[in-house]
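**Q** Encoded as structure tokens, here's the structure I'll be asking about.
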Amino acid sequence: MDNQLLTLSKIFTERLFRIPDYQRGYAWTEKQLKDFWNDIQQLESNNNHYIGVLTLETVSREIYQHWDDDLWIIDAKSYQP
């Protein structure tokens with residue numbers, strides 16, 4: 001298992017994410033989004049901003065082969081589900 005810190009750019013490049021229904025209960029309002037964006041804008045160069053833990057799980061072909069709306073990008077663009 002790879003336990004290294006990654007930039008947001010590295011995490012979200014050529015990958016496809018699905019969030020389980022049980023984790024969708026919390027939603028940011030405009031206030032939380034503005035607070036987060038202000039934090040990012042005020043961050044000095046070469047500093048990090050801790051936003052919490054993000055746990056990712058590899059999905060097997062047996063599971064994602066049923067993702068009819070997304071299968072094209074996984075196969076055609078080699079996105080990692």
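No lab work stands behind these numbers, since they all come straight from the coordinates. The structure displayed is predicted, hence computed values, not measured ones. Because the Cβ atoms are built from the backbone with ideal geometry, glycine has one as well, and the counts that use them run over all protein chains shown.
**Q** Using only Cα atoms, locate the centre of region 57-81 and the centre of region 1-54, then give the distance between them in Å, rounded to an integer.
**A** Here the two parts' Cα centres lie 22 Å apart.
**Q** At Trp67 and Ile11, where each label point lies 7 Å from the Cα along Cα→Cβ, what is the point-to-point distance in nanometres?
**A** It works out to 1.7 nm between the two label points.
**Q** For Arg15, Arg61, which order do you get if you count the other beta carbons within 10 Å of each Cβ and list the fewest first? Walk me through the intermediate numbers first.
**A** Numbers: Arg15 12, Arg61 8.
Going from sparsest to densest Cβ surroundings: Arg61, Arg15.
**Q** In addition: Among Tyr26, Leu43, Gln80, which residue has its Cα furthest toward the positive end of the charge dipole of the chain, with +1 on Lys/Arg Cβ and -1 on Asp/Glu Cβ?
**A** Leu43
**Q** Using the crude model of +1 on Lys and Arg Cβ and -1 on Asp and Glu Cβ, and no other charge, please compute the dipole size for the chain relative to its Cα centre, in debye to 20. Walk me through the numbers before you get to the answer.
**A** Working: 8 positive and 13 negative charges, 27 e Å.
Computed charge dipole of the chain: roughly 120 debye.
**Q** Hey, got a sec? Which GluC sites (Glu not before Pro) in region 16-81 land in a DSSP loop and have at most 11 other Cβ atoms within 10 Å?
**A** On the way: sites: Glu30, Glu44, Glu57, Glu62; in loops: Glu44, Glu57.
Passing sites in region 16-81 are Glu44, Glu57.
**Q** So what is the calculated 222 nm ellipticity per residue for the chain, using -39500 (n - 2.57) for each DSSP H run with n of 4 or more, over all residues, to the nearest 500 deg cm²/dmol?
**A** -9000 deg cm²/dmol
**Q** Whole-Hz Karplus ³J(HN,Hα) for region 67-81, in order, using 6.51 cos²θ - 1.76 cosθ + 1.60 and θ = phi - 60°, x for Gly and Pro?
**A** Result, rounded to whole Hz: 7, 3, 6, 10, 4, 4, 6, 5, 6, 6, 9, 6, 5, 9, x.
**Q** Using Cα atoms only, what is the angle between the long axis of helix 30-42 and the major principal axis of the chain, expressed in degrees (0 to 90) to the nearest 10?
**A** Helix 30-42 sits at roughly 70 degrees to that axis.
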